[in-house]
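One structure is given here, and the rest of the page talks about it.
A short reminder: the numbers here are calculations on the coordinates, not readings from a lab. No experiment lies behind these values; they were computed from the predicted model shown. Here Cβ is always computed from backbone atoms with ideal geometry, including for glycine, and neighbour counts include all displayed protein chains.
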Amino acid sequence: MPATFLRAAPYADDVLNLPVGDVAASVPYYETFFGMTLVAQEDEPVRRAVLERDGIEIGFAENGGDPSQEGAFIEVNNLEEMHAEFVDRGLSLGAPNFRTDAHGDTDSNKYAN
């Protein structure tokens with residue numbers, strides 16, 4: 001059974017305007033490996049695209065931001081299933097590196113490859 005996307009959160013400002021150097025190159029990557037669907041695209045005022053899976057959206061924009069300094073995480077219901085999807089879709093990740101982090105009274109599982 002495929003993993004379910006639960007939420008997406010930016011590291012800094014806006015999960016719908018994550019800076020990339022090339023929107024046209026980013027969209028197929030997320031469609032292919034993350035199983036997302038393109039739901040919006042525009043060229044003005046900047047080239048931008050929004051993708052969706054399980055009602056969760058992330059967006060990429062050629063907005064002059066630094067992609068190495070901004071990003072997002074996607075929370076899923078099952079990390080092992082998400083890893084299996086990546087492998088099944090042809091993404092070469094090597095052995096999974098799962099870890100559990102404690103945050104107050106809550107533990108969260110992380111995938112850190």
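Summary table below
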item: Mean Cα-pair separation over length for the chain, i.e. relative contact order, pairs under 8 Å, 6 or more apart, %; result: 31 percent
item: Protection-proxy order for peptides 55-66, 1-12, each taking the mean of Cβ atoms within 10 Å per residue, highest first; result: 55-66, 1-12
item: FRET efficiency for residue 29 and residue 102, using Cβ-Cβ distance with R0 set to 35 Å, rounded to 0.05; result: 0.65
item: Restricting segment 9-113 to trypsin sites (Lys or Arg not before Pro) in coil, as DSSP defines it, with at most 13 other Cβ within 10 Å; result: 89
item: The chain - Rg and Dmax from Cα coordinates, angstrom; result: 14.7, 45
item: Whole-Hz couplings from phi, Karplus 6.51/-1.76/1.60, listed for segment 30-46; x for Gly and Pro; result: 6, 5, 5, 8, 9, x, 8, 10, 5, 10, 7, 8, 8, 10, 10, x, 9
item: Charge dipole (debye, nearest 20) of the chain; +1 at Cβ of Lys and Arg, -1 at Cβ of Asp and Glu; result: 260 debye
item: Calculated FRET efficiency for the pair residue 6/residue 95, C-beta based, R₀ 25 Å, to 0.05; result: 0.55
item: Selection from 35, 83, 103 lying farthest towards where the dipole of the chain points positive, charges on Cβ; result: 83
